[in-house]
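Worksheet: the structure to be examined is printed underneath.
The values are calculated or read from the model by the stated rules, or taken from the named source; none is laboratory data. All of these numbers come straight from a predicted model, not from anything done at the bench. We place every Cβ from the backbone using ideal geometry, glycine too, and count neighbours over all the protein chains shown.
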Amino acid sequence: MPRCLPVLATALALAAACGGVQSASVSVSVSDQAGRPLHDAVVLLEPATGKLPVAPLAGVQIVQVKRQFAPQVSVVTVGTPVSFPNDDTVRHHVYSFSPVKTFELKLYAGVPNTPVVFDKPGIAVLGCNIHDQMVAWVVVVDTPLYARSAASGKARIEGVPPGNYQLRVWHSALAEGAPPTSSPLAVGSTDLEQRAALNLVGPGR
């Protein structure tokens, strides 16, 4: 019978090995300063100390259709390759000048041969050099504990090991360059419900 060591960075593996650690879910209701629910808010939990195992995602796409990006907000783990299919009848020039990931996919149709790998945590803003109305965001996280809010404003993170975390919440209508809000959260073996109200400077969705 393996001994359970209190090392948060290996909490998921130890939970499976020891069979005695019960994970919880964390639900967060995200709203603006007027109490309206926010769609496409990103909620994540980062351990107060150490890190949890995280792996790149597979098959992630951000499509250009009807001269818009779909989805407008994507959440990926560090190291995830993202492809950018162009399903429009016009060519696009996709770029990001964000420090998290700087790249350009110059005027093209169809699917670029090489995906873009998002290898650092943070928020990348995407645009199109031809169509100024096109904008999207890629939130790159270094934790497996994350969710994106539905139209109800609620995001639910499942399988959270007991421990101390920083609860971070971000939305595209925060001030440009603003980091996610952050607050400490202690998670035990029972499900939690939290509320987060964001002070937006742009229109919420």
Condition met for Tyr95 (in contact with a Cys (Cβ under 9 Å, 6 or more places away or on another chain), more than 16 Å from Pro180 (Cα to Cα) and among the aromatic types (Phe, Trp, Tyr)) = yes
Mind telling me which of the residues Ala147, Ala136, Ala155, Ala186 ends up being under 17 Å from Gly50 (Cα atoms), assigned to a strand (DSSP E or B) and not basic (Lys, Arg)?
-> Ala186
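Rundown of residues vs (1) farther than 25 Å from Glu176 by Cβ; (2) in contact (Cβ under 8 Å) with a residue 24 or more places away in the chain, yes/no style:
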position	(1), (2)
Ala41	no, yes
Thr49	yes, yes
Leu57	yes, no
Val63	no, yes
Ala70	no, no
Pro99	no, no
Whichever residue in the stretch 72-97 is without any contact (Cβ under 8 Å) to a residue 60 or more places away in the chain and of a type in the set (A, V, I, L, M, F, W, C) and, among such residues, is farthest from Leu57 (Cα to Cα) | Val90
Take the stretch 150-180 and flag every residue that is crowded, with 17+ Cβ neighbours inside 10 Å and either modelled with pLDDT under 95 or under 13 Å from Leu198 (Cα atoms) (or both).
-> Gly153, Arg168, Val169, Trp170, His171, Ser172, Ala173, Leu174, Pro180
Here is a list of conditions, (1) over 19 Å from Ala58 (Cβ atoms); (2) at pLDDT 95 or above, and Ile130 meets all of them except one; can you say which number that is?
-> (2)
Could you tell me which residue of the stretch 158-175 is farthest from Ala136 (Cα to Cα), considering only residues that are part of a loop (DSSP other than H, G, I, E, B) and under 17 Å from the mean Cα position of the chain (by Cα)?
-> Leu174
Tally time: how many residues in the stretch 181-205 are closer than 19 Å to Gly153 by Cα, among the β-branched types (Val, Ile, Thr) and surrounded by 15 or more Cβ atoms within 10 Å (Cβ to Cβ)?
-> 1
Can you work out which of the residues in the stretch 92-115 that are surrounded by 15 or more Cβ atoms within 10 Å (Cβ to Cβ) and among the β-branched types (Val, Ile, Thr) is farthest from Met134 (Cα to Cα)?
-> Val100
